[in-house]
1. Of the conditions (1) at pLDDT below 85; (2) more than 20 Å from the chain's Cα centre (by Cα); (3) within 19 Å of Arg81 (Cα to Cα), Gly160 fails just one. Which one is it?
2. Can you tell me which residue among Asn60, Asn92 is closer than 22 Å to Pro341 by Cα, at pLDDT 95 or above and assigned to a loop (DSSP other than H, G, I, E, B)?
3. Could you identify the single residue in Lys134, Lys72 that is touching a residue at least 40 places away in the same chain (Cβ under 8 Å), of a type in the set (D, E, K, R) and assigned to a strand (DSSP E or B)?
4. Return only the number of the condition from (1) in contact (Cβ under 8 Å) with a residue 60 or more places away in the chain; (2) under 23 Å from Ile219 (Cβ atoms); (3) out of contact with any strand residue (DSSP E or B) (no Cβ under 6 Å at 6 or more places or on another chain); (4) among the acidic types (Asp, Glu) that Asp330 does not satisfy.
5. Kindly provide the set of residues from the range 54-69 that are within 20 Å of Leu310 (Cα to Cα) and either in contact with a Pro (Cβ under 9 Å, 6 or more places away or on another chain) or among the acidic types (Asp, Glu) (or both), ordered by number.
6. Being assigned to a strand (DSSP E or B), surrounded by fewer than 18 Cβ atoms within 10 Å (Cβ to Cβ) and among the β-branched types (Val, Ile, Thr): is that true of Ile43 here?
7. Go through the residues of the range 344-354 one by one and say whether even a single one is acidic (Asp, Glu), in contact (Cβ under 8 Å) with a residue 60 or more places away in the chain, in contact with a Leu (Cβ under 9 Å, 6 or more places away or on another chain) and surrounded by fewer than 16 Cβ atoms within 10 Å (Cβ to Cβ).
8. Scan the range 171-217 for residues that are at pLDDT below 70 and under 22 Å from the mean Cα position of the chain (by Cα) and jot them down.
Amino acid sequence: MKHIIYLFNIIYVLLLASCGPVSQRNNITIDLVNHKQLPVEEILLSDISESIQMIHLESNDSALVSILMDIKLEANKIYLRALNGVFVFDLNGKFLNMVGAKGRGPKEYVNLNNLFPENDMVWLLDNSGKKALKFTDSGRFIESFELEQQWWTTFCYSSGDSFIGFVPDNGQPNTDVMLAFFNTTEMIDSILYRKPIQEANIAWSFIHEASFIHHGSQIKFKHVFNDTIYTIKDYKLIPDIVINLGTRKANENARAIAVNSDPTTHDIFEGMDVVLLQGENERYIYLEVVDTPIFYDKKELKVHKWAFILPEDERIDQEKAKKFVPKYIDKNGYLIGETAPANEEDNPVIVLAKLK
């Protein structure tokens, strides 16, 4: 699967056992037991959108994006995390500046896990260098600090100078922390594993083993081997949404298989459906189920398997315009993604759709 990629260069990192302290009952259940039998509905992206912006990025030698990994929208600017750096464009597609650079100095990052623009500031989170870097949106360096040395695989920006880190259980002693809350370098609280995995020799982690999304002011959390989506509030996990997959639900056996198997020779997810959380607004919950985009309509209480068709635009690849797959829903309710330009040497075209 394109989103479940093995990190072969990691010697050992284990999987989440089960989520820590929780409160209140679940209030939404999404039934995906028969999702494979759902028909694909071809619809215009405009059918579910108030407005759509097709942003053609400036494509010059200093602004060519190589392998786009993340798109963020903040204060009328577009931030792109790519293999060759962090790029900032305005909503007309004009290239403005880069943010940060690769390296091992205090102003540099080794490998970016995520970027979080907030007003006129940008946080870059470096999971390999184990540090956070703060810049202005124009690229001026402000500060950096080391994050506590754990096997962090996923970070989430909270607010101010606060972050949340996810730690896979690596089967080693004293690895009981699942989520850690910290302000700069100080850990201020944590959520522990209820049932840590027993000590093991080698296990594997995945790039999207755990995910965080922002829904307005809320932060939500989901793990690959857990069918519940949680809201994080007051350093607790509050069950919010349950994904019903029936017998194809990932479970404790999956974690045991992951501990004791080599994923290069054994399909850890055999017989299971992997669900990734890709965002939420007031009406829709966006999931990716076995590489298939699925939207749950909270108003109609209905599951949709949509294939989006983009508005006509002669500057984009016409075939790919009929098969648009968005990346995620952002905190302000924009469905965000990219599509290919008609000229393959140009930068990707950014799609911003304000959902109804």
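1. All conditions are met except number (3).
2. Within the list Asn60, Asn92, the selection yields Asn92.
3. Only one candidate qualifies: Lys72.
4. Of (1) in contact (Cβ under 8 Å) with a residue 60 or more places away in the chain; (2) under 23 Å from Ile219 (Cβ atoms); (3) out of contact with any strand residue (DSSP E or B) (no Cβ under 6 Å at 6 or more places or on another chain); (4) among the acidic types (Asp, Glu), only one is false for Asp330: (3).
5. Residues satisfying the conditions are Met54, His56, Leu57, Leu68.
6. yes
7. Yes, some residue in the range 344-354 is acidic (Asp, Glu), in contact (Cβ under 8 Å) with a residue 60 or more places away in the chain, in contact with a Leu (Cβ under 9 Å, 6 or more places away or on another chain) and surrounded by fewer than 16 Cβ atoms within 10 Å (Cβ to Cβ).
8. Trp204, Ser205, Phe206, Ile207
The values are calculated or read from the model by the stated rules, or taken from the named source; none is laboratory data. Not measured: the values here are computed from a predicted model. A quick note on method: Cβ atoms are made from the backbone with ideal geometry, for glycine too, and the neighbour counts reach across all protein chains shown.
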